Amino acid sequence: MKTQTILKDEDTFLIPTYRKMPLALVRGKGCYVWDADGNRYLDFYGGHCVTALGHCPAPVVDAIQKQSERLLFYSNVVYNDTRAHAARLLAEMAPLHRIFFCNSGTEAIETALKIARKSTGRSGIISTRNGFHGRTLGSLAATWNPSYRNPFKDVLASAHYFAEFGDLESVESILSRNEDIAAILLEPIQSIAGIIEASSDYFQKLRELCNRHDVLLIFDEIQTGVGRTGTFSISEQFRVTPDMITLAKSLGSGIPVGALLLSDRLSDEVQYGDQGSTFGGGMIAMSAVIATLESIQNDGLMERAPEIFDAIETAIKPYVTEVRGHGCLIGVRTELSTSDILPALRKNGVLAGGSADPNVMRLMPPLITNAEHISEFADAFKDVMVRAHA
């Protein structure tokens, strides 16, 4: 099928929930994808922060194929060797060691909110302005963007409060006025907002504040986690241990999978029936998790993330206002709108992402990115910027 046929069929039969690039991708390998007309693109978007190992990584493809010939699926009413292996490996790499497997990031968030409320006996949740946690009703209630929340405000949980990200006094003010707070939920780096960061000191003091008020701390690491920022969890760089961490995106290298990580203390309060997910922890997903984690660990890919950031920053710095972020989660501020930059980059054979800030482009390159890929991106980006200022 050619691009125009694919675009027509999707627009005809799918409900219009996504604003899409005019692009029909049919194949991927490593850092590259190809469209239906045979055009190749360097992918620094990664299906929205998913392909940490690049597209169709051989170890993951091989693991999925072998598992599919052995056992496609059985639910959580039985034990399984692949699930056990994935759980042990994830627990060994992550700062928290008890796990609930699910199918997506928003499902992991929903589970975290349920456990927080049940274990504390309180209903209030503090999240942050400009934060994003998903679009199902529970995660949507914790998501800042009013355009997402307002159509459903009559049915969303009411006990949600929004603090300024990076502002400890804003959190303290909410805690001082409300005794029903169960947890604080936040992205350590606000990705969709435009790669907004806060200091290590802020997170350390936030941890102390949670301890003082007996409030749980939940890190949404759906985008920052699984090594993308240079450590398995960015909380390690802040020297902070949250009570729960949510993961998804890169965890399965493109196979749908999410996970909630819990502290031992908190997991002891979870009982049979508190949560469930038919396909969570399914064998195909678990085989992808194992291959992904083993590749990241054995190939030293986490350690490469800061080097990739530094190389990209050096290559494009003369053409931009600011480069920010950690590892392979990068925000690039320019004087131009991303509505102009991103289509021009596509014409030059590069995919990148926008953000809520019209002047901040997001780059989410895979951990396998090398100097040649960075040079290719930099050349395409420089061409766009030079032409724009000609």
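The values are calculated or read from the model by the stated rules, or taken from the named source; none is laboratory data. Source: prediction; values computed, not measured. Please note: Cβ atoms are built from the backbone with ideal geometry, for glycine as well, and neighbour counts cover all protein chains shown.
General remarks:
- Residues satisfying the stated conditions in the stretch 127-137, i.e. over 18 Å from E164 (Cα atoms) and surrounded by fewer than 22 Cβ atoms within 10 Å (Cβ to Cβ): R135, T136, L137
For every residue, the table says whether it meets (1) among the hydrophobic types (A, V, I, L, M, F, W, C); (2) at pLDDT 95 or above.
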{"site": "G105", "(1), (2)": "no, yes"}
{"site": "E110", "(1), (2)": "no, yes"}
{"site": "I115", "(1), (2)": "yes, yes"}
{"site": "I126", "(1), (2)": "yes, yes"}
{"site": "R129", "(1), (2)": "no, yes"}
{"site": "S139", "(1), (2)": "no, no"}
{"site": "K153", "(1), (2)": "no, no"}
{"site": "F162", "(1), (2)": "yes, yes"}
{"site": "E172", "(1), (2)": "no, yes"}
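Each row is one residue, and each column tells you yes or no for (1) over 16 Å from I99 (Cβ atoms); (2) under 21 Å from the mean Cα position of the chain (by Cα); (3) of a type in the set (A, V, I, L, M); (4) crowded, with 20+ Cβ neighbours inside 10 Å.
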residue: R239; (1), (2), (3), (4): yes, yes, no, no
residue: D243; (1), (2), (3), (4): no, yes, no, yes
residue: P256; (1), (2), (3), (4): yes, yes, no, no
residue: S263; (1), (2), (3), (4): no, yes, no, no
residue: G276; (1), (2), (3), (4): no, no, no, no
residue: M286; (1), (2), (3), (4): no, yes, yes, yes
residue: I308; (1), (2), (3), (4): yes, yes, yes, yes
residue: E313; (1), (2), (3), (4): yes, no, no, no
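- Scanning the stretch 25-55 for residues that are surrounded by fewer than 15 Cβ atoms within 10 Å (Cβ to Cβ), part of a loop (DSSP other than H, G, I, E, B) and either among the charged types (D, E, K, R) or touching a residue at least 12 places away in the same chain (Cβ under 8 Å) (or both) yields D37, N39.
- Within the stretch 92-115, the set of residues being farther than 18 Å from T278 by Cβ, out of contact with any strand residue (DSSP E or B) (no Cβ under 6 Å at 6 or more places or on another chain), assigned to a helix (DSSP H, G or I) and in contact (Cβ under 8 Å) with a residue 24 or more places away in the chain comprises M93, L113, I115.
- Of the residues making up the stretch 213-225, one or more are part of a loop (DSSP other than H, G, I, E, B), within 24 Å of N103 (Cβ to Cβ), in contact with a Leu (Cβ under 8 Å, 6 or more places away or on another chain) and among the charged types (D, E, K, R).
- Selection status of D299, at pLDDT 95 or above and touching a helix residue (DSSP H, G or I) at 6+ places or on another chain (Cβ under 8 Å): no
- Unique residue being without any contact (Cβ under 8 Å) to a residue 24 or more places away in the chain and assigned to a helix (DSSP H, G or I) when the list is E376, E294, E313: E313
- Residue count for the stretch 190-199 satisfying the condition of being part of a loop (DSSP other than H, G, I, E, B), on the phi < 0 side of the Ramachandran plot and surrounded by 24 or more Cβ atoms within 10 Å (Cβ to Cβ): 1.
- Residue match in the stretch 331-342 (condition: assigned to a strand (DSSP E or B), buried (at least 19 other Cβ atoms within 10 Å of the Cβ) and touching a residue at least 60 places away in the same chain (Cβ under 8 Å)): yes
- In the stretch 266-285, the residues that are small (G, A, S) and in contact (Cβ under 8 Å) with a residue 12 or more places away in the chain: S267, G276, S277, G280, G281, G282, A285
- Total residues in the stretch 226-239, condition on the phi < 0 side of the Ramachandran plot, in contact with a strand residue (DSSP E or B) (Cβ under 8 Å, 6 or more places away or on another chain) and not in a helix (DSSP H, G or I): 4
- Screening S263, S253, S235 for residues that are closer than 25 Å to D81 by Cβ and touching a residue at least 40 places away in the same chain (Cβ under 8 Å) leaves exactly one candidate, S253.
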